[in-house]
Amino acid sequence: MDVQVQPVAQHHPQRRRLNDEVHARPSLYVRTPSRVTHLAILTGEPASLEREMVAELCRRHGAPPPGPGDRHMLARIGTRQLKWERHTEFTSITVAADGLAGDDDWSALDPELEAWADRLPGERLVAVHVRVEPGAGQAHWQERISILFPSGEAVGSSVYAGDALAWTDFRIRPDGFSRMLLRDVRLLTPDRTGRLVQRLVELETYRMMALLSLPLAQEVGGQLSAMEHRLSEIVSSTAKALTPDAEHGLLDELTLLAAEAEALASRTRYRFSATTAYAELISRRLEELREERIGGLQRIGSFLSRRFFPAVRTCEAVGRRQAELGKGLARASGMLRTRVDVRLAEQNAGVLRSMDRRTKAQLRIQQTVEGLSVFAISYYAVGLLKYVVDGLPALGIPVSKELFAAIAAPAVVAAVWLAVRRLKEALMAKG
């Protein structure tokens, strides 16, 4: 009997990795009450150094360390949860600890974790404490906010359709941390609370990452103004340039300016693009919060709309100015090159006309020389024939020299002319 072998399905080599990507970023489970500390660190160091520090901490507490290629991890470090995630531009560390000991109890870092976090490579850009409290609605929150945010600049919202209340003042305290207060009104499940805390700290993280380009935009703005002024002067001078040297000088200036503008754009392009991307993420997180106004406080989204997004628009405006400068340089360069090309074409046409005149003159001279050459050769040929005729009487052959010359001269001229013509045709045929 023939045994039929069933074909084995071929799986894409990346199937499992792509499928597991949606499960790769586990959320913190945050119980009420609790404290959460979030850090965002800019690092230019290799990921391996940072990953090894995380792995060493995990091994010390008996938790599974991250693998060589892992970019995120959630581990239990003693009584705390630690979430590590390596992003494109920064690393985030989030620590959650259950319970609250008092109004001054904000940090989720114990002394060991605090010392460990201080040793992490890179520069700390974001450091925020989130305090999660139970609460029954919006009663008596004004007094509570005045105690926890004495700056008097707190903003807050009802989020998740009234499931929770959130406040912050976006101020950095003397300890280097900013603060957020989350009041769990309807006792959210730990996973929902964890996602809410994640969205709140991402607002702070993406806000700071987006604003990294603001000092650059302010610096570049002055340079752009100078470049725009130089371009305007070059365009104005183009109309007054009446000589090839003047046009070539302007073209050299324009080329130099274009090189400087492109160098500036290369320096800022990535940073400005990142700002736009981070701003879009903030807009998305605000939509997910589903904010509603509470009391007389400004909503978090309204605060960001008035204080943050104008800075983003400043960066975007500088980016647009750079793009417009590039277009202006391209137009001016095209216009000036067209003028130079037209003038060069006119010069070439003049040279060609001059060459044509010289060629025709040379042809006429050549034809004249050819005619003179025919007569000169014929003259000497007839002279040679006369020597022959002079010897014929000695041989007993009477010949009239005058008659011979009259007959031979036209024939010799014709023969020489024909020979010269054939030689010329042969030379022309060879190129």
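Values quoted throughout were computed directly from the atomic coordinates according to the rules given, and no laboratory measurement underlies them. On a predicted model such as this, the values are computed, not experimentally measured, just so you know. Backbone-built Cβ (ideal geometry, glycine too); neighbour counts: all protein chains shown.
Just a few scattered comments:
- DSSP-loop GluC sites (Glu not before Pro) across region 37-111, with at most 16 other Cβ within 10 angstrom: GLU89
- Lysine pairs in the chain whose alpha-carbon atoms fall under 28 angstrom of each other, counting only those eight or more residues apart or on distinct chains, come to 4.
- ³J(HN,Hα), Karplus 6.51/-1.76/1.60, whole Hz, each residue of region 53-67, x for Gly, Pro: 5, 5, 5, 5, 5, 5, 4, 5, 10, x, 9, x, x, x, x
- Region 24-191, relative contact order in percent, only Cα pairs under 8 angstrom and at least six apart counted: 27
- Potential lengthening between THR189 and MET428 on full extension [0.36 nm per residue; Cα-Cα distance subtracted]: 76.0 nm
- Length gained when the stretch TYR379-ARG290 is fully extended (0.36 nm per residue, less Cα-Cα span): 20.5 nm
- Nitroxide proxy distance, nm - points 7 Å out along Cα→Cβ at ASP104 and ARG16: 5.3
- With R₀ fixed at 56 Å, the C-beta to C-beta distance from GLU253 to LYS360 puts the FRET efficiency at about 0.85.
- Footprinting exposure proxy ranking of MET73, MET53, fewest other C-beta atoms within 10 angstrom first, gives MET53, MET73.
- Taking other C-beta atoms within 10 Å as the exposure proxy, CYS58, CYS315 rank CYS58, CYS315 from fewest upward.
- Spin-label zone in region 250-274 - amide nitrogen under 19 Å from a point set 7 Å from the Cα of GLN347 along the C-beta vector: 250-255
- The phi torsions of region 154-165, fed into the Karplus equation with coefficients 6.51, -1.76 and 1.60 and a -60° offset, translate into couplings of 5, 10, x, 8, 8, 10, 6, 6, x, 5, 8, 10 Hz, rounded to whole numbers, with Gly and Pro shown as x.
- Taking every DSSP helix (H) stretch of at least 4 residues in the chain, weighting each as -39,500 (n - 2.57) and dividing the sum by the residue count yields a mean residue ellipticity at 222 nm of -20500 deg cm²/dmol.
- Around the amide H of ARG171, modelled in the peptide plane, lie the amide H atoms of ARG179, all under 5 Å away and 5 or more residues distant in sequence or on another chain.
- Using a Förster distance of 25 Å, the FRET efficiency for THR88-MET53 (Cβ separation, nearest 0.05): 0.80
- The ARG173 and GLU143 beta-carbon pair, evaluated with R₀ = 30 Å, returns a calculated FRET efficiency of approximately 0.90.
- Euclidean distance between Cα centres, region 76-128 to region 139-206, Å: 17
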